[in-house]
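Values quoted throughout were computed directly from the atomic coordinates according to the rules given, and no laboratory measurement underlies them. Keep in mind that this is a model prediction, so the values were computed, not measured. Using ideal geometry, Cβ is built from the backbone for each residue, glycine included, and neighbour counts are taken over all protein chains shown.
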Amino acid sequence: MSPSNSELLHAFGRIGLLSFGGPAAQIAVMHRELVEDRGWLTEEQFLRALSFCMMLPGPEAMQLATYAGWRLRGTFGGVLAGLLFVLPGAFVIAGLAAVYLLYGDVPLVQTLFLGVKAAVIVIVAQALTRLSRKALNGPVQVALALAPFVGLYALHLPFPLIIALAAGIGALRVDRAAEAPPKVAAGKAPVRAVATWGGLWLVPLVVLWALNEPFLLDLALFFGKLALVTFDGAYAVLAYMTQEVVQAQGWITTDQMIDALGLAETTPGPLILVTQFVGHLAGWGETGWMGFAVAGLLTLWMTFVPCFLWIFAGAPYLEMLTSRPLINSALSAVTAAVVGVIANLSLWFALNVLFARSVVVGLGPVRLPLPDLASFDPLAFGLTCLAALLIFGLHRGVPLTLLVSALAAWGLAVATGL
């Protein structure tokens, strides 16, 4: 028996409000609610859906919630489940961004954010460690991780190119004769779903072009592209996002980018909500509070509407897609490449938090950002060590680590008179 609308609202409302701690914790909450406590999905259905969602660009936990809602109550259930997963965190992010803009320059707040930045270094390193264990199970995977690291750090290659090359290498490695996929019947071609959700996704681009709003159009185009390449979580695309919004467009600063990730870690919902925070700050810098509101909503739209498109268009093909060795091999290579991408991100964060300045050395296309050792910040280093002790030594969660690091930064600053 399908759950009623009120039951669906209650269940996915709980999931949305309790979805702290990244995709692993979010998926565990959904498993408990949907499989263990309510029995709405079987273990096999849940795991098959999870495999399907991990193939898609975008936040897999949000897409898993959308798929579960779709399976239980059709399109209405999918939209309700997806919105309930995202909206609690979106409201929190909007509030945090407003507070950040109002009080972020206050010395006390800046001191607290030093602790947040130090914790972010360790949080990203933890994500790198976890993904490395899953993805690097042979010399080919290690090479696929090292190449993107060098490509991003030394050659500054574009992130979409790196993902495309990794997927192509993975597809070429498939032994098609030995691994012919089983014949699985596909569902009805979802033409209406593609037209509806694809059209909704692109509507802002048409409107902004007609209104001649170049800043908002550029913002929408960038986050639309980002939604297409967000494999293996938000950490994987943060380097690409930073490359564009900090270095190429100058919409926000490096410190704001690091603060955005730290604050996004404290909210329920997918970590990719960091894009909303960036949108709010970029819009505020362009046209003040009106830009803050419009750019934040636009970023949410361009980031999350594609998730509904992938689910409603692809759900009828779940069995076929999860059984294709070509797709699985390509995505396995992308996952290995993402390890190198996150390693580059981790190094970038560390350089910008632990050192006040850096220098670029190199020849021709090779340009290596290196720290200026004279600008080393011992307080930031001590806070990073504290965060590492909490996460790797005492196995504490991300919210507690962020809180303790921020309070420790304030305490050390007071004690040392900094």
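If you wrap a convex hull around the C-alpha atoms of the range 259-314 and split its volume per residue, what is the figure in Å³? Don't skip to the end; give the middle numbers.
On the way: hull volume 4.2 nm³, N = 56.
Measuring per residue, one finds 74 Å³ for the Cα hull of the range 259-314.
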| query | In Å, what is the Rg of the alpha-carbon atoms in the range 5-91, and how long is Dmax? | reply | 11.4, 34
| note | FRET efficiency for E44 and A374 from the Cβ-Cβ distance with R0 = 51 Å, rounded to 0.05, comes out at 0.30
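Please work out the Cα convex hull volume for the range 50-145 and give it in Å³ per residue.
For the range 50-145, the hull spanned by Cα atoms encloses 136 Å³ per residue.
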| Axial C-alpha extent at least 24 Å, average Kyte-Doolittle at least 0.5 - helices from the chain (DSSP) | 60-103, 107-135, 191-211, 289-314, 325-354, 398-416
| query | Using alpha-carbon pairs under 8 Å, 6+ residues apart, how would you state the relative contact order of the range 5-91 in percent? | reply | 33
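Calculate, in nm to one decimal, what A143 and E7 gain on full extension: separation in residues at 0.36 nm each, minus their alpha carbon distance.
44.1 nm
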| Once amide H atoms are built 1.01 Å from N in the peptide plane, which residues 5 or more positions from S358, or in another chain, come under 5 Å H to H? | D372
| note | Between T129 and V360, the two model label points (7 Å from Cα along the beta-carbon direction) sit apart by a distance in nm of 3.3
| message | Between E286 and L87, what's the calculated FRET efficiency when r is the beta-carbon distance and R0 is 22 Å? Round to 0.05. | response | 0.30
| note | Over all directions, the chain yields a Cα convex hull whose mean projected area in nm² is 22.4
| query | Taking the range 1-87, which trypsin sites (Lys or Arg not before Pro) meet the DSSP loop condition and have no more than 12 other C-beta atoms within 10 Å? | reply | none
| message | Please compute the modelled spin-label separation between V99 and V191, points set 7 Å along Cα→Cβ, answer in nm with one decimal. | response | 5.1
| Estimated inter-spin distance, A171 and A248, nm [label 7 Å along Cα→Cβ] | 2.3
